[in-house]
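Have a look at the structure below, then the notes.
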Amino acid sequence: MALTGKQKAKVTGDVKRHEKDTGSPEYQVALFTEQIKKLTAHLKKNAKDFHSRRGLLKMVSKRKRLLDYLKKTNEKNYKALIKKLELKG
């Protein structure tokens, strides 16, 4: 269920800070958001897959921590990212 290189490029193309960016909070949140969408769809079909559900919960909490950090350090980028990814803020 991992994202392919093309999927990553598509998802993170407009949130990258520079060409080789892979560690910024914006980049990581965009990747987690896409993975969460894929896992949510998977869990709708496979309701008893509790191992994947645990992974989903871990991803959601990690994304929440990254968003909190971004909000605390750079609120302008936080608001722009929330708008781009269509998340509740």
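Just one of Thr4, Thr22, Thr12, Thr33 is at pLDDT below 95 and within 11 Å of the chain's Cα centre (by Cα); which is it? If you could, list the steps in order and put the result at the bottom.
Details: Thr4 fails: within 11 Å of the chain's Cα centre (by Cα); Thr22 fails: within 11 Å of the chain's Cα centre (by Cα); Thr33 fails: at pLDDT below 95.
Residue meeting the stated conditions: Thr12.
Scan region 23-36 for residues that are under 20 Å from Ala80 (Cβ atoms), surrounded by 11 or more Cβ atoms within 10 Å (Cβ to Cβ) and of a type outside the set (A, V, I, L, M, F, W, C) and jot them down. Before the answer, list the steps.
The first filter runs over region 23-36 and keeps only residues under 20 Å from Ala80 (Cβ atoms), leaving 23-34, 36.
From the residues that got through so far, the ones that are surrounded by 11 or more Cβ atoms within 10 Å (Cβ to Cβ) too are 24-34, 36.
Correct list: Ser24, Pro25, Glu26, Tyr27, Gln28, Thr33, Glu34.
Looking only at residues of region 1-22 that are outside any helix (DSSP H, G or I) and among the charged types (D, E, K, R), we find that the one that is surrounded by the fewest Cβ atoms within 10 Å (Cβ to Cβ) is Glu19.
Considering only region 3-45, state which residues are in contact with a Ser or Thr (Cβ under 7 Å, 6 or more places away or on another chain) and under 19 Å from Tyr78 (Cα atoms). The answer is Arg17, Tyr27, Ala30, Leu31.
Close Cβ contacts (under 6 Å, 6 or more residues apart or on different chains) running from residues in region 33-51 that are assigned to a helix (DSSP H, G or I) to residues that are of a type in the set (Val, Ile, Thr) comprise Glu34/Val11.
The values are calculated or read from the model by the stated rules, or taken from the named source; none is laboratory data. None of the values given here were measured: they were computed from a predicted structure. Note that we place each Cβ from the backbone using ideal geometry, even for glycine, and neighbour counts take in every protein chain shown.
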